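These notes concern the structure reproduced below.
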Amino acid sequence: MEDDPDRRTVLQRAGIATIAAALPLRTPSPGLAAAAASPADPAYRTASELIAALANRSVSSRELTNAAIARIEALDPKINAVVVRDFAAAGDAAKAADEALARGERRPLLGLPMTVKEQFNIAGLPTTWGNPKFKEWRPTADALVVTRLKAAGAIILGKTNVPLNLADWQSYNEIYGTTNNPWDLTRTPGGSSGGAAAALAAGFTALELGSDIGGSLRAPAHYCGVFAHKPSLDLVPLRGGGPPTTPAVPSHGDLSVAGPMARSAADLALEFDVLAGPDELLDGIGYRLALPPARRTTLQECRVLLLNAHPLFPTASSVAGALDRLAERLGKAGCTVLRTSPSLPDLARSTRLYLELLNAVFSVGLSTATRETISRGVAGLPSGDESLQAYRLHGLSISHPDWVRANHVRDFLRQLWQKLFRDVDVLLCPPMPTPAFPHDHSFRATRLLDIDGKQVSYNDQIVWASVATLFGLPATVAPIDHSESGLPIGVQIIGGYLQDRTTIAFAGLIEREFGGFVAPPAL
């Protein structure tokens, strides 16, 4: 498509709405989203729709890129999601994409503008993890996942905000400031992929790249009303996604994963197919993982276990109620919905073990003095202390022999969870115990979270992240409802190991049947 300078000026001034007539309209899903969605607004077109429009030349990559930039410049001052911007390079890449499209080239994401989480290295751009001591550091090579996105034709507009050291369910730091939730600017968009989810909800981009070790994909998707997928362990390589200044080397993971974020289940699958696959530098040593197809193609075939209460932490009535309503709708659609199962492993035991092994990861880099202080704290714990804080402390002070013993317990429990997924297709549960909560930048150890008028430990809200992460299971989050105050509520869809296509497909089934993403009313 010819790039008319006058038309480009209008696009830059008006934003993406100018290209509405050039794009195919999406029929709104029935159910909750149908009344509130804005299907005619091209800022909220899915990636799949935009790629189709690019391929048939009804819109150019430069137009999409210019319109995305204009929308970011107009709306992001209030949201603060896209904190590292590479607009000039994006313009050059969009021009090259248009030339490739004109030659008849077809790649999965060719010409599509998107953003990625600040965590991931992009050559020449800062990677700080929100830590001021890394403010000036710039990697010389892209993270492998970024390389794959670019090879698929994606246009990288920039990077989205994170919390300090990726360690919070809020996204704020001294370098880039605070990211706000597009649904309510006084509330968190989540973390650590909070800027990513906010960018999607605000219509800045149709795809994002995030990561997850403690709900960092799932919590932001839930809080902002978008989709996210935490892949099975080791499906998506992490080279170039480690802490700033550390060597970008191939490795097998333990808990952490990288994964796609989007505004539809189909777009999750689209990006996941680009990201997944072994690290090429590990090729030749037997590292191969094969993904089976989705187990089911209709809700009537599905057998699910739905949980909305955790034995170690309360779930807000708004979230529990949304899961109850989902169970009712699924049942009416012909899905077999179980509320309990004799095969369900001990959820409390899995959660405690998760916190122990998670904090073993966090213990890397602790000073000797800090380790000694923690060890004294562990020695002072009452005999038989089963609190979540006790397990955190054990993890922070764990020895290698103790880690090996804990890992053996994980292997035992993993078999029990895999057995459960022979009985059911997916487990449905909350991504987090509450909808998005108000910003709270107080000292984290003393923070409290309000759940139905009761003050509870902020840190313990991690419980719903435990099962999928500890055992390397796939988990997809999809929007399903809203609280009385209008905040999004999502469902976490967990499957057996390597059943990624099953959890994403189930998200697509409930999206098609009941409705999916809804644009924030103010946008």
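The values are calculated or read from the model by the stated rules, or taken from the named source; none is laboratory data. Here the structure is a predicted model, which means the values were calculated and not measured. No Cβ is skipped: glycine too gets one built from the backbone with ideal geometry, and neighbour counts run over all protein chains shown.
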Legend entry - helices (runs of 4 or more DSSP H) wholly inside segment 141-251 that include at least 1 residues being over 15 Å from the mean Cα position of the chain (by Cα) and basic (Lys, Arg): 144-151
Inset, instruction - For residues that are farther than 20 Å from ALA436 by Cβ and assigned to a helix (DSSP H, G or I), tally how many sit in segment 325-359. - result: 19
Inset, instruction - Return a yes/no flag: does segment 470-488 have any residue that is of a type in the set (Asp, Glu) and either surrounded by 20 or more Cβ atoms within 10 Å (Cβ to Cβ) or within 17 Å of CYS302 (Cα to Cα) (or both). - result: yes
Inset, instruction - May I ask you to list the residues in segment 215-239 that are surrounded by 24 or more Cβ atoms within 10 Å (Cβ to Cβ), of a type outside the set (Ser, Thr, Tyr) and closer than 19 Å to GLU118 by Cβ? - result: GLY215, LEU217, ARG218, ALA219, PRO220, ALA221, CYS224, VAL226, ALA228, LYS230, VAL236, PRO237
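Residue by residue, here is whether (1) at pLDDT 50 or above; (2) closer than 24 Å to LEU270 by Cα; (3) more than 28 Å from the chain's Cα centre (by Cα) holds:
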site: THR18; (1), (2), (3): no, no, yes
site: LEU23; (1), (2), (3): no, yes, no
site: ARG26; (1), (2), (3): no, yes, no
site: LEU32; (1), (2), (3): no, no, no
site: ALA40; (1), (2), (3): no, yes, no
site: TYR44; (1), (2), (3): yes, yes, no
site: ALA53; (1), (2), (3): yes, yes, no
site: ASN56; (1), (2), (3): yes, yes, yes
site: ALA74; (1), (2), (3): yes, no, no
Inset, instruction - Taking SER343 as the residue in question, decide whether it is touching a strand residue (DSSP E or B) at 6+ places or on another chain (Cβ under 8 Å) and either surrounded by 14 or more Cβ atoms within 10 Å (Cβ to Cβ) or in contact (Cβ under 8 Å) with a residue 12 or more places away in the chain (or both). - result: no
Inset, instruction - Inspect all residues belonging to segment 420-440 and state whether any of them is within 30 Å of LEU164 (Cβ to Cβ), more than 17 Å from the chain's Cα centre (by Cα) and among the aromatic types (Phe, Trp, Tyr). - result: yes
Inset, instruction - Go through segment 360-466 and tell me which helices (runs of 4 or more DSSP H), entirely inside it, have 2 or more residues that are on the phi < 0 side of the Ramachandran plot and among the acidic types (Asp, Glu). - result: 400-423
Inset, instruction - Exactly one condition in (1) more than 22 Å from VAL236 (Cβ to Cβ); (2) within 24 Å of the chain's Cα centre (by Cα); (3) surrounded by fewer than 17 Cβ atoms within 10 Å (Cβ to Cβ) is not met by TRP137; state its number. - result: (2)
Inset, instruction - Quick one: count up the residues across segment 303-337 that are among the hydrophobic types (A, V, I, L, M, F, W, C) and either in the same structural domain as HIS222 (by TED's automatic domain parsing) or closer than 26 Å to SER387 by Cβ (or both). - result: 7
Inset, instruction - Give the residue, chosen from THR147, THR188, that is buried (at least 21 other Cβ atoms within 10 Å of the Cβ) and among the polar types (S, T, N, Q). - result: THR188
Inset, instruction - Select, from VAL116, VAL146, VAL162, the only residue that is farther than 20 Å from ALA221 by Cβ and either in contact with a strand residue (DSSP E or B) (Cβ under 7 Å, 6 or more places away or on another chain) or not assigned by TED's automatic domain parsing to the domain that holds SER485 (or both). - result: VAL146
